[in-house]
Amino acid sequence: MSKGEEKKGLKWALPLVAIVITGIAFYPSLFNGWTNWDDEVYVLNNENIKEFSWGQIKYWFTEYHHGNYHPLTMISYMIEYNIAEFNPSIYHFTNYILHLLNTGLVFFFIFKLIGRKEVAFITSILFGVHPMHVESVAWISERKDLLYALFYLGSLLVYLSYKHSSDWKKYFVLLLLFLGSLLSKSAAVVLPVVLLLIDYFQGRKLTIKLFVEKIPLFGLSIVFGILAIKSQNATEAIASFDTFTTTQRALFAGYGSMVYIAKSIWPFNLTAFHPYPSLVDNGTRLPYIYYITPILSVLVFGGVLFLWKRNRLILFGLFFYLVNVALVLQFISVGSAIYAERYSYMAYVGLFFLFALGVVKLTETRPSWQKPIYVGVTLTCLALSWLTIKQTKTWNNSVTLWEQFNEVHPQSRHGEYKIAEFHMDAGNDDLALEQFLHIGNKYPTAGRAHMGAGNILGKMGKVDEALIFFNRAEAEYDANGNMQDLWVNRAITFSMLKQYENAFKDYKKALQYEPNNYQIYINRGFAYIEYGDFEKAISDFTVVLQFQPGNERVHFMRALAFHQANKLENAVSGYNDVLKINPNNPDAYHNRAICFEAAGKYKQALEGILKAQKLGKRENEAYIQKLQKLAIQ
């Protein structure tokens, strides 16, 4: 084998090694189940992924979901649901494969950037096995990280190829990949800045062409940045500027920038959620760590800029990290976490690049140290892989996930809530009720616990007691609660008590907060039928069917509402729609037959009743005989 062939083989062997080791580290994730950390929002309770149709695809491109605009991510869930429904294995397998692909792409990006296979290999394997990336891979609901990174890294590779050839076809591919990244997660908006970093790093001359070619990219970033702000505002995820002072926001940003660096070196206190700190000294200040870390941040970044201001390699790695982490440093507070492990996913490429450069440089300047250095790197990767295997298993289910959270943040009640809610969803009602009551008695304001207790009491048929707890919940709800869930659950309780006017008020409030939650329309439609307002029931079901035209249950309920309103032609048409979706629905045949009888179409009525009977519905023989007599007259 020639040296050229050997180098070429090594070029492919090294990323394969990184991918294999990463695959081993994340292998346990393939056996994980669901968690109650947004999995119910994105998949388990998401009616909008159940139907694979052009109408539903259009829906994802025109609507926000859970404070985000990421249609490609949601379409990926829709595809998986229509293959395997709620089997978690396929969702975990998709995340697993995406991460392996991203690990390989990191290698090729760094290799194409500087042409050093050792640097590319170390960077890619650290990216692959680092436990800070477990959240992005082992959490089904964080698919957006993996998908946006796939297109993002692809964009970087294509740009490196394009800028040497100026081939417009490659530029078009770059635009498409960037668009795919933006449609997967809005964090991709920083890509044009990273491309300018690449230009700087490779000494590209500042020309009009350089800036003109970035205009469409920055244009897309602006559009999707606006979409991101609007989607976050739709669920009030962006905290008001009155919530924190400008000084506090700056302290949060300095703290976050150093925490991510610290955890890249030693990934300590990993868990699914890191809440904002509580003020100390009677609510007058933040803990001291929030004042110390920003100073460290200035010293570290300032020191690097001062000492290596002419070293393009170091500056590129540093600014790659900063650009990709800048938007999640909580200077603008989004969500309820001060930092999140998933936010490190793309940013860590910059830090690992710097580490890899340091290792390779040291082996070149100190050849006698080469063996111990590479042994140390190997042991580091093995240690990180072991931590990743361990951390991946904590995402196995809701209990293991939140027990770890309770260990890391014992002062927070969030984990207690989530475990109690898990037991409630699993049908362990007595245990869940006991835990909710315990939380309610433990904390001065515990609206979420009262709502949980109300849900269980309603399920047990203790509706009056449930309403008492829902009312207490509304009065004591904490800042991180989902009020729309409370209003929907209380509306259902009001309906059970036949207090429909109160139910409709709660449904209206819930829809004002979450206007695209079609399950709320469905629930309210049922309530309108019970109340006798069939026109409003028809209106609610029609809203749902505009986006879920294949929803058999909603078609049936709308047909029933038409039937109850004595609009027989509309009812028959509605039951026909049900039978187009499911030709073996006996209730649709039965109800349509009754409509036919009312319209004097006795032969069709008889045929429908006999068909329903054939499909297993118990029909009254006297009614069948009656129709037989009428049909021959």
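The values are calculated or read from the model by the stated rules, or taken from the named source; none is laboratory data. Because the structure is a prediction, the values reported are computed rather than measured. Reconstructed Cβ throughout: ideal geometry from the backbone, glycine too, with neighbour counts over all protein chains shown. Accessible surface areas use protein heavy atoms only, side chains included; no ligands, DNA or RNA. Shrake-Rupley method; radii C 1.70, N 1.55, O 1.52, S 1.80 Å.
Just to be sure, is Ile295 open to solvent by 50 Å² or more (accessible area, probe 1.4 Å), at pLDDT 90 or above, more than 28 Å from Pro192 (Cβ to Cβ) and not polar (S, T, N, Q)?
Numbers: open to solvent by 50 Å² or more (accessible area, probe 1.4 Å): yes; at pLDDT 90 or above: yes; more than 28 Å from Pro192 (Cβ to Cβ): yes; not polar (S, T, N, Q): yes.
Answer is yes for this residue.
How many of the residues making up region 367-384 are open to solvent by less than 50 Å² (accessible area, probe 1.4 Å) and of a type in the set (Gly, Ala, Ser)?
Selection size over region 367-384: 2.
What do you reckon, is Phe61 closer than 20 Å to Gln519 by Cα and open to solvent by 70 Å² or more (accessible area, probe 1.4 Å)? Break it down into steps so the answer makes sense when it comes.
Details: closer than 20 Å to Gln519 by Cα: yes; open to solvent by 70 Å² or more (accessible area, probe 1.4 Å): yes.
The answer is yes for Phe61.
Pairs needed: first member in region 393-419, closer than 24 Å to Ala473 by Cβ and part of a loop (DSSP other than H, G, I, E, B); second member anywhere, among the small types (Gly, Ala, Ser) and open to solvent by 10 Å² or more (accessible area, probe 1.4 Å); C-beta distance under 8 Å; at least 6 residues apart or different chains.
Gln411/Ser278
Select, from Ala432, Ala426, the only residue that is in contact with a Gly (Cβ under 9 Å, 6 or more places away or on another chain) and within 29 Å of Tyr477 (Cβ to Cβ). Break it down into steps so the answer makes sense when it comes.
Values: Ala426 fails: in contact with a Gly (Cβ under 9 Å, 6 or more places away or on another chain).
After applying the criteria, what remains is Ala432.
Going through Tyr27, Tyr96 one at a time, which residue ends up being part of a helix (DSSP H, G or I), under 18 Å from Val137 (Cα atoms), open to solvent by 50 Å² or more (accessible area, probe 1.4 Å) and of a type in the set (Ser, Thr, Tyr)?
Step by step, each of Tyr27, Tyr96 is checked, and only Tyr27 is part of a helix (DSSP H, G or I), under 18 Å from Val137 (Cα atoms), open to solvent by 50 Å² or more (accessible area, probe 1.4 Å) and of a type in the set (Ser, Thr, Tyr).
Give the number of residues within region 105-142 that are open to solvent by 30 Å² or more (accessible area, probe 1.4 Å) and either among the charged types (D, E, K, R) or assigned to a helix (DSSP H, G or I) (or both).
Selection size over region 105-142: 9.
Given Phe172, Phe151, which one is crowded, with 18+ Cβ neighbours inside 10 Å and without any contact (Cβ under 8 Å) to a residue 60 or more places away in the chain?
Phe151 is the lone residue from the list that is crowded, with 18+ Cβ neighbours inside 10 Å and without any contact (Cβ under 8 Å) to a residue 60 or more places away in the chain.
Looking for whichever is surrounded by 20 or more Cβ atoms within 10 Å (Cβ to Cβ), of a type outside the set (Ser, Thr, Tyr) and assigned to a loop (DSSP other than H, G, I, E, B) here; the options are Asn36, Asn102. Which one fits?
Asn36
May I ask you to verify whether Leu157 is part of a helix (DSSP H, G or I), without any contact (Cβ under 8 Å) to a residue 60 or more places away in the chain and of a type outside the set (Ser, Thr, Tyr)?
Yes: the conditions hold for Leu157.
Can you pull out every residue in region 356-366 that is open to solvent by 90 Å² or more (accessible area, probe 1.4 Å) and in a helix (DSSP H, G or I)? Don't jump to the end; show me each part of the working.
Filtering region 356-366 for residues open to solvent by 90 Å² or more (accessible area, probe 1.4 Å) gives 361, 364, 366.
Listed by number, the residues that qualify are Lys361, Glu364.
Considering only residues of region 564-592 that are touching a residue at least 24 places away in the same chain (Cβ under 8 Å) and aliphatic (A, V, I, L, M), which is surrounded by the most Cβ atoms within 10 Å (Cβ to Cβ)?
Ala588
Condition check: free of Cβ contacts under 8 Å to residues at least 40 places away in the same chain and surrounded by fewer than 17 Cβ atoms within 10 Å (Cβ to Cβ). Does Gly203 satisfy that? Outline the logic, then answer.
Working: free of Cβ contacts under 8 Å to residues at least 40 places away in the same chain: no; surrounded by fewer than 17 Cβ atoms within 10 Å (Cβ to Cβ): yes.
When the stated conditions are applied, Gly203 does not pass them.
Looking only at region 315-348, filter to residues that are of a type in the set (Val, Ile, Thr), part of a helix (DSSP H, G or I) and open to solvent by 20 Å² or more (accessible area, probe 1.4 Å); which one of those is farthest from Ala228 (Cα to Cα)?
Among those residues, the one meeting the criterion is Val323.
Going through region 206-224 one residue at a time, which ones are outside any helix (DSSP H, G or I) and in contact (Cβ under 8 Å) with a residue 12 or more places away in the chain? Let's see the steps before the verdict.
Kept after step one, since they are outside any helix (DSSP H, G or I), are these residues of region 206-224: 206-207, 213-214.
Selection gives Glu213, Lys214.
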